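The structure appears right after this line, and notes come after that.
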Amino acid sequence: MTRSTHVSMAAVAVLLAWPLSLSAQALKGLEGKKVRLSSAVLENDLRAGAVVVQGTVFEVRGDSIHIMQEGGMPAHVSLSSIRKLDVHGGKDHGRGAYRGAAVGATIGLVLSVMPPDCNNGYGLDCRADGSKPTYAEYAWSNVAAWAFMGSMFGAIKGVDRWSPVITPQRVTISKARDGGIRVGVGLTF
């Protein structure tokens, strides 16, 4: 092997080992915070999939993160197997209102498939003067009412806001100009 091959191999090793030390430093402030992470599952030294763990961080070590899951079960996850890690940032009530309005409008539209209940001026869906509404008026009143109720419920409940700390790693291999191989590692902390 030539000197340039050794230098290239050392550079690749540093690039692949560097994120582990950096991620351990970036994760030190997570103790006591609610997190959601995706961890790789290895089967026979091959990636077989991923598992999502959600809970509160109670300890960060140099090589692992310890989480108390919401069911009370502890989870010990190796830093090298973490694909994605998000920190809970509270509730977003505005986005909850938008989602609730969309769900409510969909329910109102589905309920509009049933014909209006107005029998000779008597029924829930009759106008104030006792006449039967058109289908468009009936559908609009259902969609508007359910969208309003859904937005109120969604605004009260809110939607969880997650901030990414570690995003999936991206390794690129391409042909170099001089005929060699170029390796790039893209990480975000």
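Taking label positions 7 Å along the Cα-Cβ direction at both Ile173 and Phe153, the computed distance is 5.1 nm, reported to one decimal.
Applying D = kT/(6 pi eta Rh) to the range 28-100, where Rh is the Kirkwood radius over alpha-carbon pairs, T corresponds to 10 °C and eta to 1.306 mPa s, the Stokes-Einstein value obtained is 118 µm²/s. The slack between Leu42 and Ser131, meaning 0.36 nm per residue of separation minus the straight C-alpha distance, is 25.3 nm. Label-to-label distance for His88 and Glu70 is 0.7 nm, based on points extended 7 Å past Cα in the beta-carbon direction. Working note: Karplus 6.51/-1.76/1.60 with θ = phi - 60° gives the range 69-77 the couplings 6, 5, x, x, 8, x, 10, 10, 10 Hz, where Gly and Pro are set to x. In straight-distance terms, cross-link reach from Lys33 covers every one of the lysines whose alpha-carbon lies under 21 Å from its own, apart from those fewer than eight places away in the same chain; here that gives Lys84, Lys91, Lys157. Qualifying GluC sites (Glu not before Pro) in the range 25-87, where qualification requires a DSSP coil assignment and no more than 14 other C-beta atoms within 10 Å, comprise Glu31, Glu70. Shape class of the range 93-157 from the Cα gyration tensor (axes a ≥ b ≥ c, square roots of the eigenvalues): prolate, since a/c reaches 1.5 or more and a/b is larger than b/c. Fully extending the segment from Leu111 to Ala50 would add 18.0 nm, taking 0.36 nm per residue of separation and subtracting the current Cα-Cα distance.
Read-outs: derived from the displayed coordinates by stated rules, not from any lab. Note that this is a predicted model, so its numbers are computed, not measured. When we count neighbours, we look across all protein chains shown, and the Cβ atoms used for this are built from the backbone with ideal geometry, even at glycine.
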